[in-house]
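Asks: Structure provided below as structure tokens; questions to follow.
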Amino acid sequence: MQWLGAAKAETAMPRPFARIRALPYVYALGLVVLGAAGRAALAPVLGDRLVFLFFVPAVVIAAATGGMIPGLVATFLSFALGVMFLVQYRLILGNEIDLVLFTLLGGAIAYGGERLIVAHTLSEARRAQIQSILSTAPEAIIVIDDGGLIRSFNPAAERLFQWRADEAIGGNVSQLMPMPERDAHDSFLERYRQTGEHRVIGLPRIVTARRKDGSEFAAEVFVGEMASAGDRYFTGFVRDLTERLAAENHLQLLQSELVHISRLSAMGEMATALAHELNQPLSAISNFLKGGQRLLQREDPQSRALPAMSKAAEQALRAGEIIRRLRDFVGGGDSHRGVESLRKLLEEASALGFVGAREHGIIAKVRWAPAVDAVHVDRVQVQQVMLNLVRNAIEAMEYSDLRELRIVTSHGQDGMAMVSVSDTGPGISPHIASQLFQPFVTTKGNRGMGVGLSICRTIVEAHGGRIWVEANKPTGTIFRFTLPRAEQKVAA
């Protein structure tokens, strides 16, 4: 891998003194010559004493800058020049011990210089490796001392907290925390210094962190401890949890939607079963009502019960038709659409919805637009939508002082016909309004299942229209939905 090779090359680079290989030898030769010159200048004063002392700095500097070989070269040159001085003073005999000791000392200094350079090179390599790890680590790494001051701040931390390293280093780590953690952090460090009790170290924690601009985010922090030269340091690994929490919330939302879908599926199966089971008793009710109507007509043709029985039979048939259409709708069957009179559809649905409304003081006002009367719809499904909206409006005004229900037809967008049903009830909160057409959302408490408006939306959207809710001024709610208009006129 290319980046790994680059890191290796960087860590293996020698220290500045060793980049020019000839430099230690230049130091060795120059310092030996300088030491010989100094010894020669002081010869009248020193005489035959301290011959090799002036060559020791040359050996030390050569070994420290170049290692073993430059140190030995300096030792050899110093030895040769020292012998020359001894020959000058005719003192070689009797100074054998000084010669041996200087030679051994020079070799020891050269070896020590080599070990020093190796240790320094390894230290530089380790420092470069650590710096490479800190620079490329995907998580924020922050090192602080036991006083809470930041000592290291890697690039990932710069990106996460929006502080530059030169701005953060030297400052207190509490600047990365919101209140009240910021004020309490120094006391936590002091308590740890006094008691040594581990409450954070070695354990992952979920915290709230603070960026330079003041924004806050959830983060996971893992803290480690180290000691160096008697000082204590703490290393914190900080991971931004924003994306993970968003993914978890999205997963929870998907799970909730799956639960809704499963409930809707169960409701569809239940509706299909109920439609199948209720069709027969509803047909029997209609037949019995018609039979009773004929019997009553023979015995008492003027009976006031005859119109009521006739309407009851009609509604039983209508209920059977609704259930049949519901079964087809749930089963994905085709709806029976045709050109219908919007006014007639709404009159029939409203008549059923207004049953008992006047006893509750409901005032109904209707305004029709003849130009948008012809619509291409499924008659039974649209009547079901209208019936649901009218009943909801009546129930919403149960405890209102002003109880006025309005039904208005008008032109909608894109050439659609629009129907508006408004009430003067307490209205709907914005929170509920945003999810009102979702399944199992209701404003009726335990009295409602929360599926009526969801079915209304499905029916309207299946016709190519849309349904929405608005606030009625000064109080109340307006439901509007659109339906496709038909080209030809419909007989009244």
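The values are calculated or read from the model by the stated rules, or taken from the named source; none is laboratory data. Note that the structure is predicted; figures quoted are calculated from it, not measured. Note that each Cβ is placed from the backbone with ideal geometry, even for glycine, and that neighbours are counted across all protein chains shown. All accessible areas refer to the heavy atoms of the entire protein, side chains included, with ligands and DNA or RNA removed. Shrake-Rupley method; radii C 1.70, N 1.55, O 1.52, S 1.80 Å.
Asks: Please work out the average accessible area per residue across the stretch 57-177, using the 1.4 Å probe convention, and give it in Å².
Replies: 53 Å²
Asks: Keeping every protein chain present and rolling a 1.4 Å probe, give me the accessible area per residue for the stretch 200-246 in Å².
Replies: Per residue, the stretch 200-246 has 60 Å² of solvent-accessible surface.
Asks: Here's something else I'd like to know. If DNA, RNA and ligands are ignored and the probe is 1.4 Å, what is the ranking of TYR25, TYR111 by accessible area, most exposed first? The partial results should precede the final answer.
Replies: Working: TYR25 90, TYR111 125 Å².
Largest accessible area first, the list is TYR111, TYR25.
Asks: Then there's this: What list of ³J(HN,Hα) couplings, whole Hz, do you get for the stretch 164-174 from phi and the Karplus terms 6.51, -1.76, 1.60, once you set θ to phi - 60° and write x for glycine and proline?
Replies: Running phi through 6.51 cos²θ - 1.76 cosθ + 1.60 with θ = phi - 60° gives 6, 4, 5, 7, 7, 5, x, x, 7, 5, 5 Hz.
Asks: Taking the Cβ of VAL173 as the center, what net charge do the other residues with Cβ under 12 Å away carry, scoring Lys and Arg +1 and Asp and Glu -1? Walk me through the intermediate numbers first.
Replies: Values: positive: ARG151, ARG182, ARG210; negative: ASP145, ASP146, GLU181, ASP186.
For residues surrounding VAL173, the net value is -1.
Asks: A further question follows. Compute the signed sum of charges (Lys and Arg +1, Asp and Glu -1) over the other residues within less than 13 Å, Cβ to Cβ, of TRP368. Please report the intermediate quantities before stating the final value.
Replies: On the way: positive: ARG343, LYS344, LYS365, ARG367, ARG406; negative: GLU347, ASP373.
For residues surrounding TRP368, the net value is +3.
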